[in-house]
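Structure, as structure tokens:
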Amino acid sequence: MEDMVLIFSSLSLVVVAVAFKLIIRLRTATPKHLPPSPPSLPILGHLHLAKKPLHRTLHSLSQKYGQIFSLRFGSHLVVILSSPSAVEECFTKNDIVLANRPPSLAGKHIGYNMTTVVTAPYGDHWRNLRRICALEIFSTNRLNMFLGIRRDEIKRLLRNLGRNSSQDFTKVQLKSMFLELTFNIIMGMVAGKRYYGYGEDVKDEEEARQFRKIMREITENGGASNPQDFVPILRWIDHGGFEKRLMGLAKKTDAFLQALIDKMKGNEEGNTMIHHLLSLQKSQPEYYTDQIIKGLISVMLFAGTHTSAVTLEWAMSNLLNNPHVLKKAKAELDSKIGEENLMDEPDMSKLHYLQSIISETLRLYPAAPLLVPHMSSDDCTIEGYDVPRNTMLLVNAWAIHRDPKVWDDATSFKPERFECGEAEAHKLMPFGLGRRACPEAGLAQRTVGLALGSLIQCFEWERVGKEEVDMAEGNGITVPKAVALEAMCKARPIMNNLRSKFVDHV
């Protein structure tokens with residue numbers, strides 16, 4: 001109650017000053033042809049309209065105000081796009097102008113003061129980070145070097161699923177398994193460590209426990225949108241202690257990552273990502289600082305784990321609700337790979353229907369439905385509307401992916417729509433577009449492809465009951481399922497042939 005009194009008292013003190021400033025601005029500013037906008041409130045703007053899930057709320061507003069409309073989050077102008085042609089214009093003609101990122105509390109504290117490849121403003125520093133990602137981290141050669149890690153982690157997943165399902169169907173909870181899979185793959189690449197597993201599989205339980213706790217807190221706080229980013233008065237008083245929590249979380253995360261780096265500085269032997277970046281630090285110490293390395297690691301962890309795990313969960317949910325698709329995918333695997341050999345990552349190039357299933361999953365359930373926000377560095381126009389400098393741009397990829405004017409039978413799960421070739425980039429954009437597109441897209445596609453194909457090849461799958469899997473969305477930056485996926489699985493004969501190999505190689 002006292003917090004609310006303090007908030008409203010503080011707001012009343014600044015109302016006159018803000019109103020005076022707005023009057024002066026309106027009298028002196030050149031009229032702008034801004035995108036249409038609903039009525040707003042003083043100070044807060046349209047923040048009261050920002051109901052979760054935000055991508056659905058913005059889609060509803062676009063039905064009334066058009067596929068290009070604007071909102072004010074506090075004092076910040078936000079333009080929302082749900083039009084493929086507008087998106088194409090943004091990331092061709094206006095790509096450089098829209099290559100900035102809006103500042104945020106999470107970017108400040110978790111993102112090393114907006115210096116990571118995701119949060120950094122467009123410029124020399126960002127270009128250097130992007131070059132490092134392209135050449136040293138996510139290049140085809142580098143990803144191929146870590147293929148063994150992806151193979152081993154997926155074999156562990158298959159072995160765990162097969163423990164109790166060799167004779168009959170067994171109920172399994174897949175959400176936690178997918179999260180453990182993706183975290184272990186990324187940490188194996190980064191530091192050669194496993195933080196999720198069974199007993200002897202995890203070497204340092206205390207370190208693993210600390211890591212898991214940090215990841216939970218990052219998920220709860222690091223990606224949250226909050227009014228304090230847009231209303232200065234709320235930030236000044238730190239209503240709810242949000243910034244204080246972020247600062248504490250950033251301190252713990254930094255200490256954890258620094259400890260990983262320090263342990264490897266004294267050990268020259270190793271083929272992890274940290275080893276490689278430390279070798280570059282020797283030749284270019286002024287640029288490959290510990291902070292730059294920690295920023296690169298944090299991006300791999302935060303951007304490359306939940307997204308792939310969520311995509312796998314949505315893909316399996318769709319397959320369970322569409323048994324004919326699952327049957328067709330299984331037939332393709334049996335035909336192209338055989339029933340004796342486990343599929344491998346290079347096999348993805350000939351598994352066209354499996355690729356279509358993944359594309360269709362990313363269309364209906366993109367892990368980042370609003371992509372990562374952009375910000376204009378200068379005035380520009382989008383389809384005739386003025387977009388002033390420092391405007392935040394949100395692309396509602398979820399709405400475009402489900403637009404009946406763009407896709408036939410838009411809300412149905414139909415992988416066959418991709419069998420004739422790839423969709424145009426501005427119509428299917430799960431990893432973003434332009435120069436700020438996700439640098440981890442290649443790794444994500446490899447991980448999801450190998451994992452999903454292996455699950456289909458090695459097990460029979462059924463729903464837990466007769467009812468369809470609940471496809472409701474939960475709240476979260478990567479749009480998780482509201483109800484964690486459970487399914488019934490039974491090992492196929494190929495598991496009997498390969499079980500001994502799992503023991504030898506895992």
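FYI, it's all coordinate maths here, none of it is from the lab. All values derive from a computational prediction rather than experimental measurement. When we count neighbours, we look across all protein chains shown, and the Cβ atoms used for this are built from the backbone with ideal geometry, even at glycine.
Spin-label model, GLU88/HIS125: points 7 Å from Cα along the beta carbon direction are separated by 3.6 nm. The distance from the alpha carbon centre of segment 153-167 to that of segment 311-358 is 18 Å, rounded to a whole number. For the pair LYS203 and LYS52, the difference between a 0.36 nm per residue extended length and the Cα-Cα distance amounts to 50.4 nm.
Straight Cα distances below 19 angstrom link LYS251 to the aspartates and glutamates GLU206, GLU207, GLU217, GLU220, ASP238, GLU243, ASP262, ASP290, with same-chain residues fewer than 8 positions distant left out. For segment 67-150, the square roots of the Cα gyration tensor eigenvalues, ordered a ≥ b ≥ c, give a/c of at least 1.5 with a/b greater than b/c, which places it in the prolate category. When you count the other C-beta atoms within 10 angstrom of each residue and take the mean per peptide, 68-75, 171-178, 134-141 line up highest first as 68-75, 171-178, 134-141. Length available on full extension from ASP95 to GLU486: 0.36 nm per residue minus the Cα-Cα distance, which gives 136.6 nm.
The spacing between segment 417-471 and segment 62-103, judged by their C-alpha centroids, is 26 Å. If only the Cβ of Lys and Arg carry +1 and only the Cβ of Asp and Glu carry -1, the dipole of the chain around its Cα centre is close to 680 debye. Residues of segment 322-363 falling in the label zone of ASN144, defined by backbone nitrogen less than 18 Å from a point 7 Å along Cα to beta-carbon, are 344-350. Near MET273: Cβ cut-off under 10 Å, other residues only, Lys/Arg at +1 and Asp/Glu at -1. The net charge is 0.
Specify whether the C-alpha gyration tensor of segment 397-444 places it in the rounded, prolate or oblate class, a ≥ b ≥ c being the square roots of the eigenvalues: rounded for a/c under 1.5, otherwise prolate if a/b is larger than b/c and oblate if not. Prolate shape, in that a/c is at least 1.5 and a/b is the bigger ratio. Just add up the charged neighbours of GLU462: K/R +1, D/E -1, any other residue whose Cβ is under 15 Å from the Cβ of GLU462. Result for the local shell: +2.
In this label model, ASP168 and ALA259 are separated by 4.5 nm, measuring between points 7 Å along each Cα→Cβ vector.
Given +1 at the Cβ of Lys and Arg, -1 at the Cβ of Asp and Glu and no other charges, the dipole of segment 298-373 around its Cα centre is 320 debye to the nearest 20.
Rounded to 0.05, the FRET efficiency of the SER377 and GLU419 pair, given R0 = 35 Å and the Cβ-Cβ distance, is 0.30. Is the C-alpha gyration tensor of segment 242-396 telling us rounded, prolate or oblate? Criteria: a/c under 1.5 is rounded; beyond that, a/b larger than b/c is prolate, otherwise oblate. Oblate. Over all other residues within a Cβ to Cβ distance under 12 Å of GLN258, the charged ones net out to +2, with Lys and Arg as +1 and Asp and Glu as -1. Any idea which of ALA86, MET316, LEU433 is furthest toward the positive side of the dipole for the chain, if Lys and Arg beta-carbons carry +1 and Asp and Glu beta-carbons -1? Working it through, the farthest residue towards the positive pole turns out to be ALA86. In this simple spin-label approximation, GLU467 and ARG435 carry label points 7 Å from Cα along the Cα→Cβ vector, and these lie 5.1 nm apart.
Cross-linked pairs LYS294/LYS427; LYS155/LYS490; LYS155/LYS265; LYS93/LYS427; LYS52/LYS466: Cα-Cα separations exceed 26 Å for LYS294/LYS427; LYS155/LYS265; LYS52/LYS466. With contacts taken as Cα pairs under 8 Å and at least 6 residues apart, the chain reaches a relative contact order of 23 percent. Taking other Cβ atoms within 10 Å as a rough exposure proxy, ILE297, ILE43 sort from fewest to most as ILE43, ILE297. Only one residue of PRO366, ASN267, TYR195 has its Cα farthest out toward the positive end of the dipole of the chain, where Lys and Arg carry +1 and Asp and Glu -1 on Cβ, and that residue is PRO366.
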